[in-house]
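Structure record follows, encoded as structure tokens.
Where a number appears in this text, it was derived from the coordinates with a stated rule and is not lab data. Remember, predicted model here, so these are calculated numbers, not experimental data. Methodologically, a virtual Cβ is constructed for each residue, glycine included, from the backbone with ideal geometry; neighbour enumeration extends over all protein chains shown.
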2 protein chains.
Amino acid sequence: MRISQLSAESGVPIPTIKYYLREGLLPPGEATSATRAEYGERHLRRLRLIRALLEIGRLPVASIRKVLAAVEDEETPLHRMLGTVHYAIGPDVEPHPDTAEWQQARADVDALIDQLGWAVSPNAPTRDELAQTLFTLRSLGAEAGRESLIPYARLAEQLVREREMATIPLDGPRDAAAEALVIGTVLYGKAFDVLRRIAHEAESARLLNAHPEH
Amino acid sequence: MRISQLSAESGVPIPTIKYYLREGLLPPGEATSATRAEYGERHLRRLRLIRALLEIGRLPVASIRKVLAAVEDEETPLHRMLGTVHYAIGPDVEPHPDTAEWQQARADVDALIDQLGWAVSPNAPTRDELAQTLFTLRSLGAEAGRESLIPYARLAEQLVREREMATIPLDGPRDAAAEALVIGTVLYGKAFDVLRRIAHEAESARLLNAHPEH
């Protein structure tokens, strides 16, 4: 297809497509003349992935480039490619204080992951992210330990195992797997967060025998 | 106790306590002379709540004032007071497009809540928040409907019913209930979100037979 059709099918304006081509985010089409190129399905898939990383993952162009390098390099195993996407869309972890309390929180996270039997890189930034939350809970005086996190971990495991990983097409094109991971992680994460807050309201109404206000 | 001790016990600096007193966020102590006042347990509890709303809920002072008004007014039923806290700490809902697709997403959210049998105010901002997520999913071409949200809703219900509401002291001081709600909603919400992403990495490793990298 021509660039105009690629724009129509993807919903991405032509100047934006040209910008992605210049930045090397989108591979060039097949040149059919000095001024024309043909684009195909893989360009459409790539545009969907770029849009997901940009609009849903809210990644800067430099991070998108890094993710796309892992997507394109077939030597990068799929698990590692998915990890690159995951780490890129996670929040920046705040620098942590070098205190005994922080070290304890981090050690508790490592022990929790061991106890769960989860295979997780020792360098995963999510370890620090969870330690930060545990540290904050404790600094507020909450009795938060491994035990209080286990029910959450078990629910997360159930959700991911029974439903979420099945939505990632692991044996199709790598762009499509990366796109599904971004959308699933960010948007279904948001959906769960708001459903949990709605459930709080409903449960509060039930326990306190209140009726919704009109 | 004197203001210096209130500061020591709460960890809140004296100038900050004086600022809260001037802003009316903290009720005045009992005057024992022209320049001295005595503070008690309720001042400590109030400082804990203000800190949670400010540092964890990240609320501006105007919103904190609104929450505290509901906490202080004993005529405001507990369920409604908790709702005020909940709505205040939720994200601002973006203005939504007035399109048939958006209306459909919102109608689907209302139908979902009915189907679940949850007692939720028709004016709850969380309804629009969930509709926004559903709308975004669909605009990306994802087949997202009520069915895809039900497993998330059931998990949220289980979590809130079996564990989370039990952490809110419903028969103690109202400040303490509000504080527990802020901490539980925000920090355990974060904990679940990061545990879910860690579970993704572990499940990806399991399915793809990969080993964590060192």
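Counting only other chains, what is the mean number of Cβ atoms within 10 angstrom of the Cβ of each residue in peptide A:139-149?
On the way: counts 2, 9, 4, 7, 0, 4, 0, 0, 0, 4, 5.
Mean partner-chain Cβ count within 10 Å for A:139-149: 3.
Between B:ALA153, B:ALA178, B:ALA199, find the one with the highest GNM mean-square fluctuation for chain B; connect C-alpha pairs within less than 10 Å.
Looking only at B:ALA153, B:ALA178, B:ALA199, the largest GNM fluctuation is found for B:ALA199.
Describe numerically, in nm with one decimal, the distance between label points set 7 Å from Cα along Cα→Cβ at A:GLU41 and at A:ARG163.
For A:GLU41 paired with A:ARG163, the spin-label model returns 3.0 nm.
If the reach is capped at under 23 angstrom between alpha carbons, list the lysines near B:LYS18, excluding any in the same chain fewer than eight residues apart.
In chain and number order, the partners are B:LYS66.
With no solvent and one equal point scatterer placed on each C-alpha of the protein assembly as shown, evaluate the Debye formula and give log10 I(q)/I(0) for q = 0.08, 0.09 Å⁻¹, two decimals.
Log-scaled intensity ratios, in q order: -0.53, -0.66.
Quick one: order B:TYR20, B:TYR39 by neighbouring beta-carbon count within 10 Å, fewest to most. It would help to have the intermediate numbers written out before the result.
Details: B:TYR20 20, B:TYR39 24.
Final ranking by Cβ density, sparse to dense: B:TYR20, B:TYR39.
Quick one: putting +1 on the C-beta of Lys and Arg, -1 on the C-beta of Asp and Glu, what dipole do you get for the protein assembly as shown around its Cα centre, in Debye to the nearest 20?
Details: 50 positive and 62 negative charges, 130 e Å.
Dipole size: approximately 620 debye.
Restricting things to Cα coordinates, could you compute the convex hull volume per residue of region A:1-117 in Å³? Walk me through the numbers on the way to the answer.
Numbers: hull volume 16.6 nm³, N = 117.
Per-residue hull volume (Cα only) is 142 Å³.
Let me spell out the model: positive unit charges on the Cβ of Lys and Arg, negative unit charges on the Cβ of Asp and Glu, origin at the Cα centre of chain B. What dipole size does that give, in debye rounded to 20? Can you show the working numbers first?
Working: 25 positive and 31 negative charges, 152 e Å.
Dipole size: approximately 720 debye.
Which one, B:GLY24, B:GLY141, B:GLY11, has the greatest fluctuation when you compute a Gaussian network model over chain B with C-alpha springs under 10 angstrom?
In the Gaussian network model the winner is B:GLY141.
Just rank A:MET1, B:MET81, fewest to most, by other beta-carbon atoms within 10 angstrom. Could you put the intermediate results ahead of the total?
Working: A:MET1 15, B:MET81 22.
By the 10 Å Cβ count, ascending, the order reads A:MET1, B:MET81.
Give the order of B:HIS79, B:HIS43 when sorted by the count of other beta carbons within 10 angstrom, beginning with the fewest. Mind dumping the intermediate values first?
Details: B:HIS79 21, B:HIS43 24.
Ordered by Cβ neighbours within 10 Å, fewest first: B:HIS79, B:HIS43.
Principal axis extents for chain B, Cα atoms only, whole Å, descending order, please.
Taking the Cα atoms of chain B, the three principal extents are 69, 50, 31 Å.
Cross-link partners among lysines for A:LYS190, C-alpha distance below 19 Å, same-chain residues fewer than 8 apart left out?
By straight Cα distance, A:LYS190 reaches B:LYS190.
Starting from a Cα-only point model with no solvent, please compute log10 I(q)/I(0) by Debye for region B:7-46 at q = 0.19, 0.22, 0.25 1/Å.
The Cα Debye sum returns log10 ratios of -0.53, -0.72, -0.93.
Could you tell me the extents of region B:74-159's C-alpha atoms along the three principal axes, largest first, rounded to whole Å?
48, 29, 18
Once you keep just the Cα pairs under 8 angstrom separated by 6 or more residues, what percentage relative contact order results for chain B?
It comes to 20 percent, rounded to a whole number.
Across all directions of projection, what mean area in square nanometres is found for the Cα convex hull of region A:2-71?
Details: hull surface 18.0 nm².
Mean shadow area of the hull around the Cα atoms is 4.5 nm².
For region B:66-142 and region A:55-76, what is the centre-to-centre distance using only Cα atoms, to the nearest Å?
The distance from the Cα centre of region B:66-142 to that of region A:55-76 comes to 34 Å.
Past the 24 angstrom mark, what percentage of all C-alpha to C-alpha distances in region B:92-214 do you count? All intermediate terms of the calculation are to be shown ahead of the outcome.
Values: 3452 of 7503 pairs.
That fraction is 46 percent.
How much length is gained on full extension from A:ARG154 to A:SER33, taking 0.36 nm per residue of separation minus their Cα-Cα distance?
Working: separation 121, 0.36 × 121 = 43.56 nm, distance 5.74 nm.
Residue separation times 0.36 nm, minus the Cα-Cα distance, leaves 37.8 nm.
When only C-alpha pairs under 8 Å and at least 6 residues apart count, what is the relative contact order of region B:1-85, in percent? Working shown, then result.
Details: 59 pairs, mean separation 19.9, N = 85.
Relative contact order, region B:1-85: 23 percent.
Work out the P(r) tail for region B:133-197: percent of alpha carbon pairs separated by more than 20 Å, whole number.
Values: 973 of 2080 pairs.
Tail of the P(r) past 20 Å holds 47 percent of the pairs.
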